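The values are calculated or read from the model by the stated rules, or taken from the named source; none is laboratory data. Only a predicted model underlies this, so the values are computations on that prediction, with no experimental measurement involved. Cβ placement follows ideal geometry from the backbone for every residue including glycine, while neighbour counts extend to all protein chains displayed.
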Amino acid sequence: MADGAQQDKSVQVKLVLLGEAAVGKSSLVLRFVSNDFQANKEPTIGAAFLTQKCRLEDRTLRYEIWDTAGQERFHSLAPMYYRNAQAAVVVYDVTKAASLEKAKSWVKELQRQANPNIVIALAGNKLDLVQSSSPPTPTSPSFEDDEADDATATPGETPDSPEGSTNETLRQVPTDEAQAYATEASLLFFETSAKTGEGVVELFTEIAKKIPIDHILASTQGAAGRSGAAGADGQGNRQQGINLDAAASKGKDACNC
């Protein structure tokens with residue numbers, strides 16, 4: 001009975017990742033979902049679907065994450081993935097100024113065509129490349145975060161640089177410039193490293209805090225009540241397959257990754 005009550009407090013949140021190729025979208029999702037980093041990752045074709053739970057106060061969010069391909073030939077497919085999304089992460093590469101301009105165009109498209117209440121976060125990825133000293137990473141200590149959703153490195157990167165030799169000279173997007181844009185556009189803003197994990201959990205946790213959970217729950221329960229009145233199948237399949245035990249052991253306001 002307690003498990004059923006806990007399930008009633010869970011909510012599904014559709015989240016989409018957007019950004020140009022090779023900024024690290026797939027790596028951010030992999031770090032969040034599996035706490036892993038893979039070098040030379042294959043490029044995303046169309047979109048990839050993953051899920052992860054995030055515990056916030058007394059409720060558990062279940063992120064349904066659509067990681068979209070960044071190649072221009074897949075741009076026309078994007079509306080299919082961001083339609084009805086409650087959240088979006090628009091990713092750029094801090095070592096590539098052009099990727100921020102592309103991110104801005106995605107933000108404009110979301111604000112024009114997506115759910116009017118969508119929570120949008122701007123994420124400047126590959127922070128490890130511009131830090132003066134990069135901490136060792138147990139999952140992949142000898143590779144830079146250059147794979148993202150494209151198998152080739154971002155132009156201008158130096159993936160064979162010795163550990164700790166990268167610094168701010170590689171940065172093309174100043175933090176204060178990106179922060180000022182995010183503030184002007186009413187976006188959440190984080191700088192992240194999929195390689196080291198820095199800022200990744202904080203990014204998804206802050207998004208969770210901005211999601212109008214009560215409104216979503218009310219809408220979901222209302223729809224479930226109407227469909228239940230039409231004819232219950234007795235299978236109890238709402239929130240099927242979600243194990244909240246692990247989430248319950250996490251601390252307050254922390255994503256379960």
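Assess whether Leu110 counts as being out of contact with any Gly (no Cβ under 9 Å at 6 or more places or on another chain), farther than 28 Å from Gln38 by Cα and either modelled with pLDDT under 95 or assigned to a helix (DSSP H, G or I) (or both).
yes
Among Thr44, Thr60, which is touching a helix residue (DSSP H, G or I) at 6+ places or on another chain (Cβ under 6 Å), in a loop (DSSP other than H, G, I, E, B) and at pLDDT below 95?
The match here is Thr44.
Among Ala98, Ala22, which is the only one that is more than 21 Å from Phe204 (Cβ to Cβ) and either surrounded by 19 or more Cβ atoms within 10 Å (Cβ to Cβ) or aromatic (Phe, Trp, Tyr) (or both)?
Only one candidate qualifies: Ala22.
Could you list all residues from segment 63-94 that are surrounded by 18 or more Cβ atoms within 10 Å (Cβ to Cβ) and part of a strand (DSSP E or B)?
If the condition is that a residue be surrounded by 18 or more Cβ atoms within 10 Å (Cβ to Cβ) and part of a strand (DSSP E or B), then Tyr63, Ile65, Trp66, Asp67, Thr68, Ala87, Ala88, Val89, Val90, Val91, Tyr92, Asp93 are the ones that fit.
Does Thr169 fit the bill of being under 24 Å from the mean Cα position of the chain (by Cα), among the β-branched types (Val, Ile, Thr) and either modelled with pLDDT of 55 or more or in a helix (DSSP H, G or I) (or both)?
no
Given (1) assigned to a helix (DSSP H, G or I); (2) surrounded by fewer than 19 Cβ atoms within 10 Å (Cβ to Cβ), identify the lone condition not met by Phe32.
(2)
Whether any residue in segment 129-144 is at pLDDT 95 or above and not in a strand (DSSP E or B) is what I want to check.
Within segment 129-144 (the criterion being at pLDDT 95 or above and not in a strand (DSSP E or B)), the answer is yes, since at least one residue qualifies.
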